[in-house]
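First up is the structure itself, then whatever we jot down about it.
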């Protein structure tokens, strides 16, 4: 898998813009979908999870480990799981804050799938006696 640096190394570290990160990830691991039609009444919820989310801590340069769960009500598309796995794995070399990681994954997911409703939870492992859980919710506006 191709990798690319999304940060500047050294003491003058700063995170490269989220747009540059999105553009880079989209090139090496785009999220793919397949067509979906519900055939029974009621809301059809889909839940996908990856317990192997990794990224790099911007301050310590140590890896951050966690899990990501996305739940959604599909509109006309569902997320293809292999592309999701490759997309999540692409964060291994990315220096990014947990909050920005949540925003980025969710924005890319919403753009690809265009669900009726969705929620994301990123549950990072404890580091330095501190645990981070980031959540975000989305509901499609009526047309």
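Some observations on this one:
- Taking each residue of the stretch 11-26 that is assigned to a loop (DSSP other than H, G, I, E, B) and looking for partners that are surrounded by 15 or more Cβ atoms within 10 Å (Cβ to Cβ) and at pLDDT below 75 with beta-carbon atoms closer than 8 Å, six or more apart or interchain, yields 13/7; 14/7; 16/6; 16/7.
- Looking only at the stretch 107-142, and only at residues there that are closer than 17 Å to residue 63 by Cβ and buried (at least 17 other Cβ atoms within 10 Å of the Cβ), the one that is nearest to the chain's Cα centre (by Cα): 122
- Filtered by the rule that a residue be crowded, with 21+ Cβ neighbours inside 10 Å and outside any helix (DSSP H, G or I), the stretch 67-106 gives 68, 70, 72, 74, 79, 94, 95, 96.
- Close pairs from the stretch 119-143: first over 16 Å from residue 45 (Cα atoms), partner part of a loop (DSSP other than H, G, I, E, B), Cβ under 8 Å, at least 6 apart: 127/57; 127/62
- Qualifying residue in the stretch 110-128 (condition: closer than 14 Å to residue 55 by Cα, part of a helix (DSSP H, G or I) and out of contact with any helix residue (DSSP H, G or I) (no Cβ under 6 Å at 6 or more places or on another chain)): no
- Residue 55 meets the conditions (1) part of a strand (DSSP E or B); (2) at pLDDT 95 or above in every case but one. The failed one is (2).
- Residue check for residue 18: modelled with pLDDT of 90 or more, touching a helix residue (DSSP H, G or I) at 6+ places or on another chain (Cβ under 9 Å) and within 30 Å of residue 141 (Cα to Cα): no
- Any hit, the stretch 40-59, residues being under 19 Å from residue 139 (Cα atoms), in contact with a helix residue (DSSP H, G or I) (Cβ under 7 Å, 6 or more places away or on another chain), crowded, with 18+ Cβ neighbours inside 10 Å and in contact (Cβ under 8 Å) with a residue 24 or more places away in the chain: no
- Of residues in the stretch 27-41 being assigned to a loop (DSSP other than H, G, I, E, B) and farther than 30 Å from residue 99 by Cβ, the one modelled with the highest pLDDT: 36
The values are calculated or read from the model by the stated rules, or taken from the named source; none is laboratory data. Not measured: the values here are computed from a predicted model. For neighbour counting, all protein chains shown are included, and Cβ atoms are generated from backbone atoms with ideal geometry for every residue, glycine included.
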